[in-house]
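Chemist: What follows is a structure written as structure tokens; I'll ask about it next.
Bear in mind that the values in this text are calculations on the coordinates, not laboratory data. Here the structure is a predicted model, which is why all the values come from computation and not from measurement. Reconstructed Cβ throughout: ideal geometry from the backbone, glycine too, with neighbour counts over all protein chains shown.
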Amino acid sequence: MSILGIVRIAMKSLLRNKTRTFLTMLGIIIGVAAVITMLAIGQGAKQIVEDQVNSMGTNVVMVSSNFSRSNVRQAAGEGNLLTIGDVNAIKNELDGVLYASPVYNSWGQLKFEGNNWRGSIMGVDSDYFFIREMDVSQGELFYSSDVENATKVCVIGKTVADNLFPDTNPIGKIMRIRNIPFTIRGVLVPKGQNVMGRDQDDIVVAPYTTVYQRLLGRHWRMMSIIVSAQSRDYIHILQQDILNLLQNRHPGTTAEEFIVNSQTELAETASRVSDTMTILLASIAGISLLVGGIGIMNIMLVSVTERVKEIGIRRAVGAGKRDVLLQFIIEAVAISLIGGLIGIALGVGAARLVGNAMNWSIAVTLWSVLLSVGFSMAIGIFFGWYPARKAANQNLIDALRYE
Amino acid sequence: MNDILLTTKSLSKVYEMGDIRVHALRHIDLEVIKGDFIAIMGASGSGKTTFMNLLGCLDKASSGEYILDGISVHDMDDEKLTQIRNQKIGYVFQSFYLLPRTTAIENVELPLLYCKKCSLHERHQRAMDALKTVGIEDRAKHFPNQLSGGQQQRVAIARAIVNNPSFILADEPTGNLDTRTSIEVMAVLQELHAQGKTVIMVTHEPDIAQYAHRHITFRDGKLIRDKENSSPKDAKTDLANLPKISEEEDE
């Protein structure tokens, strides 16, 4: 008997028993779809976490003074060791540094016409925008000339723009920061919340020279330095280099007096979190596969057992064992294959739906598709083949009499 | 003689169930001539069905010899037995054994699917011819559950003859049928016999056996009687004499 002939028999048999075929397929469809959807959602969640971390700049090093370095707590600002000279030294003397910028953090009342907002104000170099990969959605950034001239300009985050300028275009408007007028140059592209849940768009960014001269009190000149490395790989070496450099520049200090943090540490923490999520995902996938697999196994076993008599009849009228087995394997392969394809479509569709609903970037990965389809097909085919083989090898009379 | 269809020599079958050995058949010697119509009779447990299973190559004998068309079947492997079942034997079972949700003609085509070199068209043609022979070609596209018992058994007979086998083996072909349809089925078998087919039929009903030409009786696994039926009844005549109720007992 030719393979083609058996394929035809198998297809006819599948079409003849549409309900049984569909139910058997359903096991595979659900198994595959569940795994793909679960993994896609999990991957999406993982991606969100990683993106948020990346949005903070993962090749960034933060340098600040350690105010609690001795038992005697000092007034803020007095303990500050860092200077603009340190920034320039880091930028010019160390290898692997892309940008470095001082950061003065302050906060205060923001005012435009009748609207008030209390916001965080940052004084930075124009390089800061490159370090943090910030850009404007409207207007423009400020430049190094603004920093040199201590121009009273700023760019604002979306939250500030929404609250101070609910109905007007803020570009070119003059806003008062602690009563000092600043011209708004641009509105930043929204970044959303960071991993700690802080709103990264509730921010005013101005040249550090202006902030230093106009906004900071004499005893509140707390400065930190933000540095970006040329590559994430340099980060650890760079951290050590910065620490050595600062100790050289400030004789008599120890390493404890500086805090040199890199975002990679945060990134590493986040990647540990995401590893945990990966394990969680794998467990979900494993359980989905197991449950799906048991479902497939059951329906295959039942549908083949139900057909023992059919096997007997086919054998009695002259079907060889090989013919019968081949027929059942082809049926199982067809069911698994079609079910697998429908399952993929359904799984991808469901993942997209969830992705749209949650506004996540859902990623259906190739390996989740291969894993679920491969596993389901293997189970489907094995449990289509195994009972059929048993039935074909069984005594013909017993198979015929099987009820 | 040249027209011997099959011979059994000391054919025995022993079932072993744990420690107990059940002798289902003890040393059966039988010769069947081509073109005969045999009824194998006996009470249940007499071994007649076991004997039929052996003749039909559905089961293997424990000892003894079985020669079909001059070939010894005893030593054949599974593949060869499958071929024999496909090409030399046509089965008719008590409960029809038609594939469900499969049209009559597709059921009849079944044996042809498993034999080599048979085109789609030829298959269809031969199946249709077989259905015509048993007089049920108008139900070719019906499913078994749309057919009456008598019609289903006719489809089964058509399936048995479609591959032009050496003989037809019928196991209680009328066991599930009422009197009228039983006689109808016997008329079909007699018609096939008249066309030159060999028919071996197992039955426990003496009435049905009367349509056969040779009676073989089993008891306790032994062949106790083998005699010619000098005056077999004619099913068509009986059918004509039956009081008419309706044309066909459709449901």
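Chemist: What is the mean number of Cβ atoms from other protein chains located within 10 Å of the Cβ atom of each residue in peptide A:316-329, rounded to a whole number? Mind dumping the intermediate values first?
Modeler: Numbers: counts 12, 19, 18, 7, 8, 3, 3, 3, 2, 0, 0, 0, 0, 0.
The per-residue average across the peptide is 5.
Chemist: With just the Cα atoms defining each centre, how far is segment A:95-159 from segment B:26-65? Give it in Å.
Modeler: First find each Cα centre; the distance between them is then 103 Å.
Chemist: Along segment A:254-260, what does the Karplus equation 6.51 cos²θ - 1.76 cosθ + 1.60 (θ = phi - 60°) give for ³J(HN,Hα), rounded to whole Hz, x for Gly and Pro?
Modeler: Once rounded to whole Hz, the list reads 10, 4, 5, 7, 10, 10, 10.
Chemist: Taking every eigenvalue of the Cα gyration tensor of segment B:57-103, multiplying by 5 and rooting it, what semi-axes result, largest first, whole Å?
Modeler: On the way: eigenvalues 131, 28, 20 Å².
They are 26, 12, 10 Å, listed from largest to smallest.
Chemist: Would you mind ranking B:GLU228, A:GLU331 by Cβ crowding within 10 Å, fewest neighbours first?
Modeler: B:GLU228, A:GLU331
Chemist: Still on this model: Take the Cβ-Cβ distance between A:ARG198 and A:GLU93 as r, set R0 to 41 Å, and report the resulting FRET efficiency rounded to the nearest 0.05. If you can, show how the numbers build up before the last one.
Modeler: On the way: r = 33 Å, r/R0 = 0.80.
Rounded to the nearest 0.05, the efficiency is 0.80.
Chemist: Next up: What does the average come to when, for each residue of peptide B:52-64, you count the partner chain Cβ atoms lying within 10 Å of its Cβ?
Modeler: On the way: counts 0, 4, 0, 0, 3, 2, 8, 4, 2, 0, 0, 0, 0.
Average neighbour count from other chains, rounded to a whole number: 2.
Chemist: Can you give the mean number of other chain Cβ atoms that lie within 10 Å of the Cβ atoms in peptide A:392-399? Mind showing how you got there, number by number?
Modeler: Values: counts 1, 1, 0, 4, 9, 6, 1, 1.
Mean partner-chain Cβ count within 10 Å for A:392-399: 3.
Chemist: Right, another one. Apply 1/(1 + (r/R0)^6) to the Cβ-Cβ distance of A:LEU366 and A:GLN240, taking R0 = 41 Å, and write down the FRET efficiency to the nearest 0.05. The partial results should precede the final answer.
Modeler: On the way: r = 40 Å, r/R0 = 0.97.
The calculated FRET efficiency here is 0.55.
Chemist: Amide H of B:THR198 versus every other amide H placed in the peptide plane: which residues, excluding those fewer than 5 positions away on the same chain, fall under 5 Å?
Modeler: Close amide H contacts, sequence-distant or interchain: B:GLY35, B:ILE168.
Chemist: Can you give the alpha-carbon Rg of chain B over 2.2 N^0.38 Å, where N counts its residues? Mind showing how you got there, number by number?
Modeler: Numbers: Rg = 18.1 Å, N = 251, 2.2 N^0.38 = 18.0 Å.
That ratio works out to 1.01.
Chemist: Note down the Stokes-Einstein diffusion coefficient of chain A in µm²/s, whole number, using a Kirkwood radius over alpha carbon pairs, 4 °C, and 1.567 mPa s. Display every interim value, and only then the final one.
Modeler: Details: Rh = 26.3 Å.
Approximately 49 µm²/s, per Stokes-Einstein.
Chemist: Among A:VAL189, A:ILE329, A:PRO207, which residue has its Cα furthest toward the positive end of the charge dipole of chain A, with +1 on Lys/Arg Cβ and -1 on Asp/Glu Cβ?
Modeler: A:ILE329
Chemist: What nm distance separates the two modelled labels at B:SER148 and A:ALA150, each placed 7 Å from Cα along Cα→Cβ?
Modeler: Computed distance between label sites B:SER148 and A:ALA150 equals 11.4 nm.
Chemist: Shifting gears a bit: Note the full-extension length gain between A:ILE284 and A:GLN47 as 0.36 nm times their separation in residues minus their Cα-Cα distance, in nm to one decimal. Don't skip to the end; give the middle numbers.
Modeler: Working: separation 237, 0.36 × 237 = 85.32 nm, distance 1.73 nm.
Length gained between A:ILE284 and A:GLN47: 83.6 nm.
Chemist: Take peptides A:107-114, B:91-98, B:173-180, A:153-160 and line them up by average Cβ neighbours within 10 Å, highest first, as a rough protection proxy. Before the final figure, lay out each step's value.
Modeler: Details: A:107-114: 14.6, B:91-98: 21.5, B:173-180: 19.2, A:153-160: 24.2.
The packing order, highest mean first, is A:153-160, B:91-98, B:173-180, A:107-114.
Chemist: Please state the Cα pair-distance histogram of segment A:60-230 with 5 angstrom bins from zero: what percent is in each bin?
Modeler: Percent of pairs per bin, in order: 2, 9, 17, 21, 20, 16, 10, 5, 2, 0, 0.
Chemist: In addition: Based on the Cβ-Cβ distance from B:ASP138 to B:ASP3, what FRET efficiency comes out when R0 is 41 Å, to the nearest 0.05? Don't skip to the end; give the middle numbers.
Modeler: Details: r = 36 Å, r/R0 = 0.88.
After rounding to 0.05, the efficiency reads 0.70.
Chemist: Each label point is 7 Å from the Cα along the Cα-to-Cβ direction; what then is the distance between the points at A:ASN248 and B:ALA240, in nm?
Modeler: Roughly 12.7 nm, to one decimal.
Chemist: Also, I was wondering about something else. In the structure displayed, which of B:LYS13/B:LYS227; B:LYS80/B:LYS141; A:LYS309/B:LYS48; A:LYS309/B:LYS141; B:LYS34/B:LYS60 lie more than 31 Å apart, Cα to Cα? Spell out each step's value before the answer.
Modeler: Details: B:LYS13/B:LYS227 23 Å; B:LYS80/B:LYS141 33 Å; A:LYS309/B:LYS48 22 Å; A:LYS309/B:LYS141 23 Å; B:LYS34/B:LYS60 23 Å.
Beyond 31 Å between Cα atoms: B:LYS80/B:LYS141.
Chemist: Please report A:TYR402, A:TYR104 as a ranked list, fewest other C-beta atoms within 10 angstrom at the top and most at the bottom. Please list the in-between numbers first.
Modeler: On the way: A:TYR402 16, A:TYR104 21.
Starting with the residue having the fewest Cβ neighbours, the order is A:TYR402, A:TYR104.
Chemist: Fewest to most neighbouring Cβ within 10 Å: what's the order for B:TYR114, B:TYR15?
Modeler: Neighbour counts put them in this order, fewest first: B:TYR15, B:TYR114.
Chemist: With a point put 7 Å past each Cα toward its Cβ, work out how far B:ASP129 is from B:CYS115 in nm, to one decimal.
Modeler: Inter-label distance under the simple model: 1.1 nm.
Chemist: Just the number, please: percent antiparallel of the DSSP beta bridges in the protein assembly as shown, rounded to the nearest 5. All intermediate terms of the calculation are to be shown ahead of the outcome.
Modeler: On the way: 61 of 87 bridges.
So the antiparallel bridges amount to about 70 percent of the total.
Chemist: Could you derive backbone 3J(HN,Hα) for segment B:118-132 from the dihedral phi with the Karplus parameters 6.51, -1.76 and 1.60 (θ = phi - 60°), listing whole Hz in sequence and x where the residue is Gly or Pro?
Modeler: 8, 6, 4, 5, 4, 4, 4, 4, 5, 5, 5, 4, 5, 5, 5
Chemist: Here is a follow-up. Using only helices, what value at 222 nm comes out for chain B when you add -39,500 (n - 2.57) per DSSP H run of length 4 or more and divide by the total residues, to the nearest 500 deg cm²/dmol? Kindly include the intermediate steps, with their values, before the conclusion.
Modeler: Values: 8 runs with 82 residues, N = 251.
Rounded to the nearest 500, the figure is -9500 deg cm²/dmol.
Chemist: Can you pull out the trypsin sites (Lys or Arg not before Pro) in segment A:264-329 that DSSP calls coil and that have at most 10 other Cβ atoms within 10 Å? Let's see the in-between values first.
Modeler: Values: sites: A:ARG272, A:ARG307, A:LYS309, A:ARG314, A:ARG315, A:LYS321, A:ARG322; in loops: A:ARG307.
Loop-located and lightly packed - none at all.
Chemist: Name the residues whose placed amide hydrogens come within less than 5 Å of the amide hydrogen of A:GLY119, ignoring near sequence neighbours (fewer than 5 apart) on the same chain.
Modeler: Answer set, sorted by chain and number: A:GLY108, A:LEU110.
Chemist: Hey, another quick one. Using packing as a proxy for protection, rank A:40-49, B:74-83 so that the peptide with the highest average count of other Cβ atoms within 10 Å comes first. Show your work: numbers first, answer last.
Modeler: Values: A:40-49: 19.3, B:74-83: 14.3.
Taking the mean over residues of other Cβ atoms within 10 Å, the ranking is A:40-49, B:74-83.
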